[in-house]
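Asker: For reference, the structure I am asking about is given below.
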Amino acid sequence: MLAALVVVVAVTLLARRAVSSPLLDRMRALCPAWRFFDRVTGSPALLVRFAAGAGELGPWSSVLGKRRGRSMRWLFAPHDNLALAYQSVVDRLVHDLGELEAGEDDGDGDGDGAGAGANTAEGDPAVVGLVSYELVTRIARAHVPAGTRFQWKVVVPAEPAPEDYLVSGVVAA
Amino acid sequence: MTLAVAVDWMARLAGVAAAIAALELLCVRDALADHGVFAWRVLGRELAGAPRAIRVLADTVLGHRGMCSVLVLQLGAALALPCTSHPAPPWIAFAAVLLTAFRFRGTYNGGSDSMLLIVTLAVALARTAPDSEVARGGLAYAAAQLVLSYFVSGVAKLRDRAWRSGRAVPRVLALPQYQVSDRVRAALTRPVLARLATWSMLAFECGFPLALADATTCWALMAIGACFHLANAIVFGLNRFLWAWIAAYPALLYWSR
């Protein structure tokens, strides 16, 4: 039992290290870090707006709608867990963009850091090419009526009001 | 609790956890289709640099049809877990949960995926080599991970001033993705209740290693743990954590004797 504890402690501490290999990263469920809510910060939120035909885009709204079957969600919660998976994708996009910006800062050496002002994704292949970006676009598409043009944005918590972090171009549904 | 009884109970509870996980994903399988959010042709792009054999295997197994087959296999293995001591069901459940996590870029439901992997692995080892050091090692690993899951989480929170002051609980309750009811949020926004809830939880998490001291303490802490996870399932919708964690409890009870 003691040997098992030593191994597990070592692996749990190592689990905090980032791995560059996508293959190894996808196996990280085998090495949990167990740090639930260790830092409570607000989450980025995904908002969408849409327009039918050539009309104006409507108001922004959150993709988090009221979910069904809440009384039994302690037992069976497919839509709640899917929504959490969608949120993980949004969190991952913000993380991937931060890494992109950090990489650019390393390149030009001005060390500005990430997240200063809203980034517009349109026309930036490095952003649009991210898997996370396409997944977020698909999440947004799943929350607008079929056949409509739509646009999405990720907002991050800030005082006095949430700030735009990334705004997509207008997408044909 | 004997080794065999502990393994049987872990198998029953892991069967529930794995069945719920498979059924939930089958309910939302449209999201895994080629037109869905989690289409494999998008998720699989990150494996472009992987060896060809792995890419071909992944495309076959993790596409929509393949993934639905994996989930059906997982469901079948989960239902078989309490009914037979054959090692195949836990190994199939372990492989299916791992494939699902792999498909979703590491995890679909966070820590519950990890704990379910740990429990199914422990059961698989115990049923492959019954009443052996391998079986005891598997349960030791599960018990160790269970203890660490609470202890590390508690210590990590203790280091944050927001948790120590009781301000973190209202913030967590306000996170929109959990859709916590207004009544619960109102109750736990009150400073006294927020601090009480916070310090009760921290005391439980940081004190959990005491479960190894003796069986009585173990039972008491497991009862508190089950209530903690049930509360999280009701308030936050974190249902999978309830079943995955209590599936590991028999391993801890075995080692606390």
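Asker: I'm trying to understand the selection: among the residues of region A:30-63, which are assigned to a loop (DSSP other than H, G, I, E, B) and at the interface with chain B (Cβ under 7 Å from one of its Cβ atoms)?
Answerer: Matches in region A:30-63: A:Pro32, A:Trp34, A:Arg35, A:Phe36, A:Phe37, A:Asp38, A:Arg39, A:Val40, A:Ser43.
Asker: Suppose we keep only residues that are within 12 Å of chain A (Cβ to nearest Cβ) and under 14 Å from B:Tyr249 (Cβ atoms) within region B:196-220. Which one would you say is farthest from the chain's Cα centre (by Cα)?
Answerer: B:Leu212
Asker: Filter region B:133-163 for residues that are within 24 Å of B:Ala211 (Cα to Cα) and surrounded by fewer than 17 Cβ atoms within 10 Å (Cβ to Cβ); which is nearest to the other protein chains (Cβ to nearest Cβ)?
Answerer: B:Arg159
Let's see how each residue does on (1) of a type outside the set (Val, Ile, Thr); (2) closer than 25 Å to A:Ala77 by Cα; (3) outside any loop (DSSP other than H, G, I, E, B):
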{"position": "B:Leu43", "(1), (2), (3)": "yes, yes, yes"}
{"position": "B:Glu46", "(1), (2), (3)": "yes, no, yes"}
{"position": "B:Ile54", "(1), (2), (3)": "no, no, yes"}
{"position": "B:Tyr108", "(1), (2), (3)": "yes, yes, no"}
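Asker: Right, next: Among what's in region B:3-35 and is more than 24 Å from the chain's Cα centre (by Cα) and in contact (Cβ under 8 Å) with a residue 12 or more places away in the chain, pick the residue that is surrounded by the fewest Cβ atoms within 10 Å (Cβ to Cβ).
Answerer: B:Asp34
Asker: Follow-up question, since we're still on this one. Test each condition in (1) modelled with pLDDT of 90 or more; (2) more than 26 Å from B:Ala124 (Cβ to Cβ); (3) more than 8 Å from chain A (Cβ to nearest Cβ) for B:Arg183 and report the one that comes out false.
Answerer: (1)
Asker: A further question on this structure: Which of the residues belonging to region A:38-54 are closer than 27 Å to B:Val172 by Cα and out of contact with any Ser or Thr (no Cβ under 8 Å at 6 or more places or on another chain)?
Answerer: A:Arg39, A:Val40, A:Thr41, A:Gly42, A:Ser43, A:Pro44
Asker: Another question, if that's okay. In the list B:Ala186, B:Ala162, which residue meets the criterion of being more than 25 Å from A:Asn81 (Cα to Cα) and part of a helix (DSSP H, G or I)?
Answerer: The match here is B:Ala162.
Asker: List pairs: first residue in region B:76-97 and without any contact (Cβ under 8 Å) to a residue 12 or more places away in the chain and surrounded by fewer than 17 Cβ atoms within 10 Å (Cβ to Cβ), second residue part of a helix (DSSP H, G or I) and not aromatic (Phe, Trp, Tyr) anywhere in the structure, Cβ distance under 7 angstrom, at least six positions apart or on different chains.
Answerer: none
The values are calculated or read from the model by the stated rules, or taken from the named source; none is laboratory data. Here the structure is a predicted model, which is why all the values come from computation and not from measurement. In this analysis, Cβ positions are derived from the backbone assuming ideal geometry, glycine residues included, and neighbour counts consider all displayed protein chains.
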